[in-house]
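Laboratory data are not the source of any read-out in this text; all were calculated from the coordinates shown. Since we're looking at a predicted model, the values are computed, not measured. Here Cβ is always computed from backbone atoms with ideal geometry, including for glycine, and neighbour counts include all displayed protein chains.
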Amino acid sequence: MTTSAVLFDMDGVLVDSASLHVRAFEQVFRDAGIEFSMAARDAVREGKSRSEVIEIAVPEVSSAIRQALFDAKPNAVAQLLRTARNVSMPGATRMVRALADHGVAMGVVTNSVAPEIWLAAAEVLEVMDVVVTGNDVSAPKPSPEGYLLAAERLGVHPTACIAFEDSLDGWLAASRAGMHVVVLAATRPAWADGSFEIVPTLDSSQVLALCLPAGARNFS
C-alpha cells in the first residue's frame, strides 16, 4: 500500500500513561473522599475518556460532583508529570523522529482533551502535523470521527493512512475510518481478528518498513 500519513493513538502507543493516569484519578478521588473503584481503574487502562471513567466510578453522584472531579484531573496529571522521568513507550520517541526525518506526515488521534502536555514530555509534539483531541469530535473512539478528521486536516485519503493503536476501541475507530491498522501488543489480543498486524514495540526499522517503500528506507 502507499502510505500518505501515519496516525498514532497516544496513551499506550506513544506515551506510557496508564499508571500515572490511575495515580492522578486516585489523588482526585481521595481528595474528594470518594473511593476510586477497580472498574474505573480498568477503564483508565482501556483508554476510556475522562468523562467515561468518572461515570463508571461514580454513576450515581450529582453532575456537580462529576464536574468537580473532571476539572481537578488535569491539574493532578500536571503535578505528577513534573516529577516523571520518562513517559514514552519503548522506542516511541526514536521511531517518531525517524519518520519525521523521512518527511512522513504524522498525527495523533486521542480521546484525551489535553494531550499536548504528554506529547511534549515524550518530545514528539513538535513533529506532529495534526493533533485531534476529544474536544475536536462529537463522539470519542470507537467512533471513526477523530481519524477521519485527522486525515481531512492532513489532506490525505483515509485509506492511505496507517494507524497505530493498542485498544479495541482504537482499532474499531481506525478500521471504521478505512485505515490500515497496526496494533501495539505483546501478544494478539483476544478481540483481534486477522485484519491487522501486531507489533510488540515501536521499533524504528520495523515501522519504517511498514510505512515507506523499500527505496526510501534508511534505518540508521
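The relative contact order of the chain, computed from alpha carbon pairs under 8 Å that lie at least 6 residues apart in sequence, is 25 percent. Shown in residue order for the range 19-26 are the 3J(HN,Hα) couplings computed by the Karplus curve 6.51 cos²θ - 1.76 cosθ + 1.60 at θ = phi - 60°: 5, 6, 4, 4, 4, 5, 4, 4 Hz (x for Gly and Pro). Among the trypsin sites (Lys or Arg not before Pro) in the range 22-104, those located in a DSSP loop and surrounded by at most 12 other Cβ atoms within 10 Å of their own Cβ are ARG82, ARG85. Here r is the Cβ-Cβ distance between ALA186 and ALA68 and R0 is 25 Å; the resulting FRET efficiency, rounded to 0.05, is 0.10.
In the chain, the DSSP-assigned H stretches of four residues or longer account for a calculated mean residue ellipticity at 222 nm of -12500 deg cm²/dmol, using -39500 (n - 2.57) per stretch and the full residue count as denominator. Derived scalar couplings between HN and Hα for the range 165-178 equal 9, 9, 9, 4, 4, x, 4, 4, 4, 5, 5, 5, 7, x Hz in order, rounded to whole Hz, by the Karplus curve 6.51 cos²θ - 1.76 cosθ + 1.60 (θ = phi - 60°), x for Gly and Pro.
Taking Cα centroids, how far is the range 1-56 from the range 113-169 in Å? Answer, in whole Å: 16. Given +1 at the Cβ of Lys and Arg, -1 at the Cβ of Asp and Glu and no other charges, the dipole of the range 18-81 around its Cα centre is 180 debye to the nearest 20. Residue by residue, the range 199-206 carries 3J(HN,Hα) couplings of 10, x, 8, 8, 6, 4, 5, 5 Hz when phi is fed to the Karplus relation 6.51 cos²θ - 1.76 cosθ + 1.60 (θ = phi - 60°); x denotes Gly or Pro.
Rounded to the nearest 10 degrees, the angle from helix 63-81 to the longest Cα principal axis of the chain is 60 degrees. Listed options for Rg/Rh (Cα atoms, Kirkwood Rh) are [x] 1.04; [y] 0.98; [z] 1.15. The value calculated from this structure is the one marked [y]. Annotation: amide H of HIS180 within the under-5 Å range of CYS161, ALA163, sequence separation 5 or more or interchain, hydrogens built in the peptide plane.
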